[in-house]
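Okay, structure first, notes after.
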Amino acid sequence: MPSLSAVTGWSMAGIAAIGAAVAGDLPSQLPNAGTPAPQMPAEDDMGRPKPLELPKDVEAKLAGIDKAKVDFLKSGVTGRYVEKDALFARIRTGKPEEISAYIDAMQALHAQVEFKAGRDVAAIPLDTRSPWFNAWKARRPNSMDPKRDVGPIELTRYVGGWGGGFATFAGAPVAMTPEDLKAGKVDVAIVGAPLDMGSGWRNAIDGPRAMRMTGGAGGNDMYSMINPNAALKIVDYGDIAIDQNSTERSVDHVRAMVAEIARTGAIPIVIGGDHSLEYPNVAAAADVHGKGNVGVIHFDSHYDIGRGRVHLLDHGQPVYRVINEGHVRASDYIQVGLRARGPDLETFGWMRNKGMRYHTMVEVEKWGWDKVMARALKEARGSTKKLWISFDVDVLDPAFMPGTGTPVPGGLTMREAQPIMRNLCAENDIAGIDIVEVAPYLDTSYKTALNSNFLLNACLAGIAMRKKGLKPGYLNPVSVDHGLDSYYGKKN
Ligand SMILES: [Mn+2]
């Protein structure tokens with residue numbers, strides 16, 4: 001009898017993980033058991049061409065054609081340029097000289113497409129003579145500024161009323177240095193990262209600006225009746241410097257800055273910026289808390305495990321890069337809200353073989369949001385590790401988030417997104433959060449920034465609930481039941 005792994009295509013490690021999960025009575029830990037994964041090799045060669053088997057009659061038609069050309073067809077790389085059935089039809093109906101010319105054309109195309117040393121530029125050159133080479137990220141020494149006491153700086157001018165002074169995230173005081181965070185015993189440092197090269201329709205550069213200018217992030221959360229601004233020490237940590245001509249140059253600095261915040265004990269909340277940021281953010285959390293000690297819950301309509309692209313990072317590839325560099329185990333990744341054109345079956349197979357947990361909108365369609373949310377929350381809770389929440393606002397329906405680079409219909413509502421964010425933050429030891437892909441100028445109504453701020457408020461309320469020792473799912477009796485035990489006819 002063939003082994004189970006031979007039958008299903010699952011790796012032995014995957015099978016062992018299932019066994020452990022069953023023994024531990026934690027079905028949500030299963031790497032998507034039930035049906036076998038799509039055919040996937042054990043190793044990580046997703047996207048590599050597979051040899052093409054030629055039907056007998058096609059092989060016969062190629063009898064007079066040069067062997068090197070036939071071998072080229074059999075290598076399978078032609079699959080990038082023409083569907084195999086269309087290729088076979090062309091061979092079946094063509095004259096030998098036509099077939100030969102057709103293969104020549106494909107070989108010529110192939111030679112242009114792949115990298116060729118000596119012909120192609122392998123790295124993007126920079127002008128190292130520039131006097132400003134590192135100036136964009138060089139920090140101004142504190143001693144160049146007038147002397148001041150360290151700690152958060154309040155920028156509101158007035159004692160009461162609405163606003164006044166300067167716009168900050170959640171109306172919080174500002175902090176400039178790690179010493180400010182430490183001196184202020186800051187719980188949460190909200191920081192902008194206006195990275196904008198990796199997105200679709202761009203404008204994520206204005207995400208932080210728009211969220212500072214728009215209300216909703218600060219103030220009382222009616223569900224818990226907690227005002228996070230009072231319950232937590234929150235600061236606006238300014239924006240992280242970005243080289244707007246290079247994602248790669250930018251993300252190293254983002255990683256250093258996010259780690260700097262986390263090392264003080266404050267929770268970093270990064271306001272993007274495009275979703276390339278998930279890579280430096282999560283890597284920074286792993287730098288501070290240890291590789292493999294951080295799990296990630298990724299809200300997105302997209303899977304973001306793109307790979308094999310020319311640039312090693314854009315907003316569709318951060319998850320792959322995080323996993324590939326070993327900052328987080330694939331099995332510690334939970335994805336919620338997927339519904340875009342990808343992944344294809346091969347990539348779903350890769351995700352399953354790696355033990356990733358994913359919750360598509362197809363799953364929501366079948367089981368309903370409540371069940372899927374409960375499962376995702378249980379999976380997040382099942383880990384003893386710290387949790388990073390990476391929230392791409394395009395997980396919401398474009399009705400709520402029209403201002404985002406790659407909107408996809410059929411997404412979450414705000415009433416679905418707010419409780420899961422509040423509960424995740426109330427239940428878990430949060431390593432950090434990012435809210436990304438807010439592109440406010442694509443939305444003349446400004447509701448994208450407003451809704452993003454209300455999600456940020458739900459996170460802050462959840463963090464405050466945890467600090468106060470309130471149970472996840474807690475709803476204040478006054479706002480839920482008039483403060484009466486029997487308001488709806490039964491004791492709560
Ligand atoms: Mn994304």
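Could you sort 128-134, 481-487 so that the peptide with the highest average Cβ count within 10 Å comes first and the rest follow in order?
Packing order, densest peptide first, comes out as 481-487, 128-134.
Along the Cα→Cβ direction, 7 angstrom out, place labels at residue 48 and residue 107. What is the inter-label distance in nm?
Spacing of the two 7 Å Cα→Cβ label points: 2.4 nm.
Return 372, 159, 70, 438 ranked ascending by Cβ neighbour count within 10 Å, so the fewest neighbours appear first.
Listed from fewest to most nearby Cβ atoms, that is 159, 70, 372, 438.
With only alpha-carbon pairs counted, each pair once and no self-pairs, how large is the Kirkwood hydrodynamic radius of the range 353-492 in angstroms?
16.5 Å
Please give every one of the aspartates and glutamates within straight-line cross-link reach of residue 468, meaning a C-alpha to C-alpha distance under 16 Å, and leave out same-chain neighbours fewer than 8 residues apart.
187, 221, 427, 429
Using modelled amide H (1.01 Å from N, peptide plane; none on Pro or chain starts), what sits under 5 Å from the amide H of residue 434, excluding residues fewer than 5 places away?
Sorted by chain and number, the residues that satisfy this are 270, 389, 390, 391.
When you count, for each residue, the other Cβ atoms within 10 Å and take the mean per peptide, how do 253-263, 359-369 rank with the highest first?
Listed from highest to lowest mean packing, they are 253-263, 359-369.
Measuring from the lowest to the highest alpha carbon on each principal axis, how far does the range 309-434 reach, largest first, in angstroms?
If we take the Cα atoms of the range 309-434, the spans are 37, 33, 26 Å.
Roughly speaking, what is the stretch gain from residue 135 to residue 311, that is 0.36 nm per residue apart minus the C-alpha to C-alpha distance, in nm to one decimal?
60.9 nm
Lysines within cross-link reach of residue 95: Cα-Cα under 20 Å, excluding same-chain residues under 8 positions apart?
Answer for residue 95, where 20 Å is the Cα cut-off: 56, 61, 67, 69, 74, 84, listed by chain and number.
If one takes the longest principal axis of the Cα atoms in the chain, at what angle in degrees, from 0 to 90 and to the nearest 10, does the Cα axis of helix 414-427 lie?
It is inclined by approximately 70 degrees.
If R₀ is 25 angstrom, what is the calculated FRET efficiency for the pair residue 479 and residue 230, using the beta carbon separation as r and rounding to 0.05?
Efficiency computed from Cβ-Cβ geometry: 0.90.
Would you mind pulling out the separation of the Cα centroids of the range 310-366 and the range 272-298, in Å?
15 Å
Using all C-alpha to C-alpha distances in the range 147-468, build P(r) with 20 Å bins and read off the rounded percent in each one.
So the P(r) values, bin by bin, are 36, 60, 5, 0.
Report the label-to-label distance for residue 98 and residue 399 in nanometres (one decimal), using points 7 Å from each Cα along the Cα→Cβ vector.
About 5.3 nm, to one decimal.
With n ≥ 4 as the cut-off for DSSP H runs, can you work out [θ] at 222 nm for the chain, using -39500 (n - 2.57) per run divided by the number of residues, rounded to the nearest 500?
-11000 deg cm²/dmol
Quick one: net charge around residue 319, please, counting Lys, Arg +1 and Asp, Glu -1 for every other residue with C-beta under 10 Å from its C-beta.
With Lys, Arg at +1 and Asp, Glu at -1, the neighbours total -1.
How large is Rg/Rh for the range 56-113, to two decimals, with Cα atoms and a Kirkwood Rh?
Radius of gyration relative to Kirkwood radius: 0.92.
Calculate, in nm to one decimal, what residue 341 and residue 413 gain on full extension: separation in residues at 0.36 nm each, minus their alpha carbon distance.
23.9 nm
Pull out the extension gain between residue 378 and residue 121, defined as 0.36 nm times the separation in residues minus the alpha carbon to alpha carbon distance; nm, one decimal.
Computed gain between residue 378 and residue 121 is 87.7 nm.
When the scattering of the range 301-382 is computed by the Debye formula from its Cα atoms alone, each counted once and equally, what is log10 I(q)/I(0) at q = 0.13, 0.24, 0.25 Å⁻¹?
Debye output, listed in q order: -0.42, -1.27, -1.33.
Every number in this text was worked out from the coordinates using simple rules, so none of it is lab data. This structure is a prediction, so every number in the text was calculated from the model and none was measured. Don't worry about glycine lacking a Cβ; one is built from the backbone with ideal geometry, like all the others, and counts go over all protein chains shown.
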